[in-house]
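Colleague: Structure below; questions to follow.
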Amino acid sequence: MVNVLLLNVSNEPLAVVSLKRAVGLMLADKADLVRPVDGRAVRSAYKQMPMPSVIRLRYYVNAPRRNVAWSRLNVLKRDHYICQYCGHKLPTHEATIDHVIPVSQCKKLEVNPNTWTNTVACCRKCQQRKGNKTMQTVGLKFYDSNFTPKRPRVNYIVFTLGNAPDEWKKYIQV
């Protein structure tokens, strides 16, 4: 299945749409081709056009900004499947998340433990080492001293979902 990046008239990424939807928008004169797929074309009995990779709407669409929902999968994507304590790349089936402030302490403080600022990607070894303690108690630090767990931008999660093609990276600023 071929996906196409849909941009607003301001070059802001709006969505990833199917090839069928993209061609329909172009044929209805609602969108213009920005970047074709090299060497590929879409053909019908009467028309041939370059296969789109990126298209831009002709008119501005006021799309509300949506917050990214917290989930285990989105935390792993935000952290690029890298353990935030030791820096090791995590295979998908071994990736876990860790609560920076342990769940038991969050309950005492009456704070929601499952938030963007309290969860990070973690390997099993580091998670077992940390256990139900704080990072400072165990002597752990984030492997990247500049890392702070925070809510990601909307586009970041949407477009890292399926390894965005290189020609999209100019527009999505990953």
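The values are calculated or read from the model by the stated rules, or taken from the named source; none is laboratory data. Model, not experiment: these values are computed from the prediction. Reconstructed Cβ throughout: ideal geometry from the backbone, glycine too, with neighbour counts over all protein chains shown. SASA here: full protein model, heavy atoms, side chains in, ligands and nucleic acids out. Shrake-Rupley method; radii C 1.70, N 1.55, O 1.52, S 1.80 Å.
Colleague: Inside the stretch 60-71, can you point out the residues that are farther than 24 Å from residue 2 by Cα and exposed (fewer than 13 other Cβ atoms within 10 Å of the Cβ)?
Modeller: Listed by number, the residues that qualify are 60, 62, 64, 65, 66, 67, 69.
Colleague: Scan the stretch 2-17 for residues that are surrounded by fewer than 13 Cβ atoms within 10 Å (Cβ to Cβ) and more than 17 Å from residue 167 (Cβ to Cβ) and jot them down.
Modeller: 10
Colleague: Confirm whether residue 47 is open to solvent by 80 Å² or more (accessible area, probe 1.4 Å), charged (D, E, K, R) and closer than 20 Å to residue 144 by Cβ.
Modeller: Spelling it out, it is not the case that residue 47 is open to solvent by 80 Å² or more (accessible area, probe 1.4 Å), charged (D, E, K, R) and closer than 20 Å to residue 144 by Cβ.
Colleague: Let me ask something additional. Could you grab me the full set of residues in the stretch 49-69 that are part of a loop (DSSP other than H, G, I, E, B) and either of a type in the set (A, V, I, L, M) or at pLDDT 90 or above (or both)?
Modeller: 58, 59, 60, 61, 63, 68, 69
Colleague: Give the residues of the stretch 44-73 that are among the aromatic types (Phe, Trp, Tyr) and in contact with a strand residue (DSSP E or B) (Cβ under 9 Å, 6 or more places away or on another chain), sorted by residue number.
Modeller: 70
Colleague: Restricting to the stretch 18-39, and then to whatever is assigned to a loop (DSSP other than H, G, I, E, B) and at negative phi, can you tell me which residue is least open to solvent (accessible area, probe 1.4 Å)?
Modeller: Per the criteria, the residue is 28.
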